[in-house]
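Beneath this line is the structure, given in structure tokens, with notes to follow.
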Amino acid sequence: MKKHFRLLTLLIICLCALHNVFGQTSVNNFKEFGEMKDKAQRLRDSKSYRTKTTTEKYAADGTTLKEKIVSTDEFAMPDRRFSSTTIESGGKTAKFEFIEIGEKVFVKEDNGKWRIPRPEPITEPTEPTTGLGNTTGGKFIEQTTFNGQTVKVYEENTNTYFGDDGRSTTTRFWFNEAGELLKTEAKERNLKTDEISRIVTIYEYDPNIKIEAPIKPDKKS
């Protein structure tokens with residue numbers, strides 16, 4: 001009896017020790033992941049960079065492609081942005097581009113000319129749309145290489161709800177040794193329709209990015 005009691009006690013001690021080790025690892029990973037995301041954001045805020053994002057939206061079967069969106073965004077310090085988005089859906093293709101320089105905005109649709117959009121009419125403020133969500137992050141996946149750089153890969157799971165619309169998203173992040181974010185890859189499932197979206201973003205840091213006004217701000221188009 002005493003022997004069995006000692007074995008049971010030893011087992012409990014071992015289980016507690018394992019729980020503490022894995023629990024501590026999870027906490028540390030979550031903290032480290034949060035710090036890495038914050039650092040990556042600070043680095044992006046201080047330099048010029050480009051993102052290339054491909055979004056593929058599938059039907060509930062996970063194989064029937066319904067829509068494909070390819071977008072390129074460039075950011076130049078301190079307040080310049082260029083964005084180009086192409087949407088393929090239903091056998092049709094549409095393209096939209098815009099440039100922001102401070103408070104000035106220029107837009108172009110498909111193969112049209114650059115123009116300055118008219119100011120939006122002032123309307124009464126509406127009630128803000130709110131939702132619920134929760135995130136579990138910090139799961140360390142692996143250390144590997146990406147584009148010739150050593151990277152750490154982490155995974156984050158997020159659930160968001162807006163009214164009767166809910167989405168479950170699993171996102172992986174690739175951070176290099178300098179703390180820069182090089183890639184994200186997400187799989188999003190619409191909890192209402194079971195439709196799947198796959199979203200891949202590649203980050204490129206380029207100090208030579210230049211964004212200029214395509215037309216004079218006082219030109220009418």
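Here are the numbers for this structure:
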| quantity | calculated |
| --- | --- |
| Output for the range 48-70, where each listed residue is in a strand (DSSP E or B) and closer than 18 Å to residue 210 by Cα | 49, 50, 51, 52 |
| Matching entry among 52, 31 (being surrounded by 13 or more Cβ atoms within 10 Å (Cβ to Cβ) and either at pLDDT 95 or above or within 24 Å of the chain's Cα centre (by Cα) (or both)) | 52 |
| Matching entry among 93, 72, 85 (being closer than 21 Å to residue 43 by Cα, at pLDDT 95 or above and among the hydroxyl-bearing types (Ser, Thr, Tyr)) | 72 |
| All positions within the range 172-221 that are at pLDDT 95 or above and among the β-branched types (Val, Ile, Thr) | 184, 196, 199, 200, 201, 202, 209, 211 |
| Top-ranked residue in the range 129-183 [being of a type in the set (S, T, N, Q) and under 26 Å from residue 47 (Cα atoms); ranked as surrounded by the most Cβ atoms within 10 Å (Cβ to Cβ)] | 176 |
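The values are calculated or read from the model by the stated rules, or taken from the named source; none is laboratory data. Remember, it's a predicted structure, so these values are computed and weren't measured experimentally. With ideal geometry, Cβ positions are generated from the backbone for all residues, glycine too; neighbour counts draw on all protein chains shown.
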